[in-house]
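Computed from the coordinates by the stated procedures, all read-outs in this text should not be read as laboratory data. Here the structure is a predicted model, which is why all the values come from computation and not from measurement. Counting neighbours? That spans all protein chains shown, and the Cβs are built from the backbone with ideal geometry, glycine included.
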Amino acid sequence: MRKTWAAVVLAVIVLAAPPAMRAQTGDDAADKNAKQARAALDAMVQALGGNAWLNMKNQEREGHIAAFYRGQPDLGTMKFYDFHAWPDRDRTEFTTHRDVVQFYIGRKGTEVTYRGAKALPQEQVDEFLRRRDHSIETAVKVWMKDPKTILVYEGQRMSERHLADQVTLISPENESITIQMDTQTHLPLSRSFKYRDPVYHDLDTDEEDYANYHTVDGFPTAFSISRSKNDEMVRQIYIDKVSYNQDLPADFWDIDAVAKKIKK
């Protein structure tokens, strides 16, 4: 209530001032807000591991994915192993035999099975790239470095029973990423963004919620990730094991080499 009242008072002062002073007051308020947003994001980066997180070589996760349809579980869970290397290399292996492998390298998506390699459906590729382009990692390593990106501190919100600082980043292309961070630990609790549905042209919301943090190799890591579309659960990701900065084989990102290894 105090914050709301303060905002009203500030607006009245700005409107009552002469035009030149009004512009200066508005600029000062916006600059102060942007600094507060940046401070919250900087605290998040430090909580995640600071420079070690910023310079991370790669990440490997092992766990299970549960799919949901209309908010209800769909066909149990699926085992997965995924690998990520900044900025644009992702590899996910499915099944206990790890004989279905999906690559997202650059802007292309490829699936490898015993039948060989083939391009993934473009709709699936677009969805994956959309999430990668709006990830917390991209927000910090790309958007925050662009002087044209607007940072907006939106105050504190409740997020899954946690009090959170909410910040929205707005890119020069007028896209946005909203991040909620725990006010105590500064760790991210959620990331969301809106996009235009390519078919129906509706404005959809993609959100990820992060919980059950454990520190692995010095990096606080969310072992539970919930993914929602328009407030409806679509995926639940359960992490069993995580490792960082692994020395991967030289041909690890070679799609042809992987195709040769999978039994026909």
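A few points about this structure:
- Ellipticity at 222 nm from helices only: DSSP H runs of n ≥ 4 in the chain, each -39500 (n - 2.57), divided by the residue count, give -8500 deg cm²/dmol.
- Over the chain, relative contact order from alpha-carbon pairs under 8 Å, at least 6 apart, %: 19 percent
- Here region 84-211 is assigned +1 on the Cβ of each Lys and Arg and -1 on the Cβ of each Asp and Glu. Its dipole about the Cα centre then comes out at about 480 debye.
- In order along region 93-105, phi translates into HN-Hα couplings of 10, 10, 6, 5, 8, 6, 9, 10, 10, 10, 10, 10, 10 Hz, rounded to whole numbers, per the Karplus curve 6.51 cos²θ - 1.76 cosθ + 1.60 with θ = phi - 60° and x for Gly and Pro.
- Charge tally in the Cβ shell below 10 Å around ASP99, where Lys, Arg are +1 and Asp, Glu are -1, ASP99 excluded: +2
- With a Förster radius of 25 Å applied to the C-beta separation of VAL152 and ARG131, the computed FRET efficiency comes to 0.70.
- Net dipole in debye of region 46-261 [+1 Lys, Arg Cβ; -1 Asp, Glu Cβ; about Cα centre; nearest 20]: 320 debye
- The Rg/Rh ratio for region 98-251, using Cα coordinates for both the radius of gyration and the Kirkwood hydrodynamic radius, is 0.98.
- Amide H contacts under 5 Å for LEU187, placed H, 5+ residues apart: ASP182
- Among (i) 14.1; (ii) 16.9; (iii) 14.9, the entry that matches mean projected area of the Cα convex hull in nm² as calculated here: (ii)
- Charge tally around LYS241: other residues with Cβ under 9 Å, Lys/Arg +1 each, Asp/Glu -1 each, net -2.
- Near THR95, the amide H atoms lying under 5 Å from its own belong to LYS79; only residues 5 or more places off or on other chains count, and H is placed 1.01 Å from N.
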